[in-house]
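Below is one structure, written out as structure tokens, with a few remarks after it.
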Amino acid sequence: MKVKPLGDRVLVKPTQESEEVKGGIVIPDTAKEKPQEGIVKAIGTGKLDDHGKVIPFNVKVGDKVLMPKYGGTEIKIDDVEHQIIREEDILGIIG
């Protein structure tokens with residue numbers, strides 16, 4: 001299935017956190033925090049300004065981004081979790 005976000009929305013695939021911490025302790029799924037990093041998989045058509053001109057995106061497909069813990073819409077694409085969030089909700093691009 002292909003998903004194309006509309007407007008200023010971005011499709012992000014959250015990155016999976018490691019199952020084990022440095023000390024060798026395995027963290028169960030129930031104790032894990034929601035992922036805050038992800039990879040941009042698709043971008044929308046863009047937001048329009050007051051004059052009808054499209055405002056370009058600051059992120060591009062393939063960027064690793066920092067997302068808020070809660071927000072956006074969670075969807076499954078081919079049994080893989082993704083989030084659709086507004087570009088303005090992205091906190092930053094990771095180096």
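Restricting segment 26-45 to residues that are under 21 Å from LYS64 (Cβ atoms) and at pLDDT below 90, the residue that is surrounded by the most Cβ atoms within 10 Å (Cβ to Cβ) is PRO35. Please go through segment 57-95 and pick out each residue that is in a loop (DSSP other than H, G, I, E, B), surrounded by 15 or more Cβ atoms within 10 Å (Cβ to Cβ) and not aromatic (Phe, Trp, Tyr). Listed by number, the residues that qualify are VAL59, ASP63, MET67, GLY72, ILE90. A count restricted to segment 41-54 and to residues that are touching a Leu at 6+ places or on another chain (Cβ under 7 Å) and outside any loop (DSSP other than H, G, I, E, B) stands at 3.
Let's see how each residue does on (1) among the aliphatic types (A, V, I, L, M); (2) touching a strand residue (DSSP E or B) at 6+ places or on another chain (Cβ under 6 Å):
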residue	(1), (2)
LYS53	no, no
ASN58	no, no
ASP63	no, yes
MET67	yes, yes
LYS76	no, no
ASP79	no, no
ILE90	yes, yes
ILE94	yes, yes
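When both residues are 6+ apart or on different chains and their Cβ atoms are under 6 Å apart, which pairs have a first residue that lies in segment 49-73 and is at positive phi, and a second that is at pLDDT 90 or above? Sorted first by the residue in segment 49-73, then by its partner, the pairs are GLY71/ASP89; GLY72/GLN83; GLY72/ILE84; GLY72/ILE85. Here GLY7, GLY23 are screened, and the one residue that is over 18 Å from LEU91 (Cα atoms) and modelled with pLDDT of 90 or more is GLY7.
Taking segment 63-85 as the range and being closer than 11 Å to LEU11 by Cα and small (Gly, Ala, Ser) as the test, only GLY72 passes.
The values are calculated or read from the model by the stated rules, or taken from the named source; none is laboratory data. The shown structure was predicted, so the numbers you read here are calculated from the model rather than taken from an experiment. Positions of Cβ are backbone-derived with ideal geometry, glycine not excepted, and every protein chain shown enters the neighbour counts.
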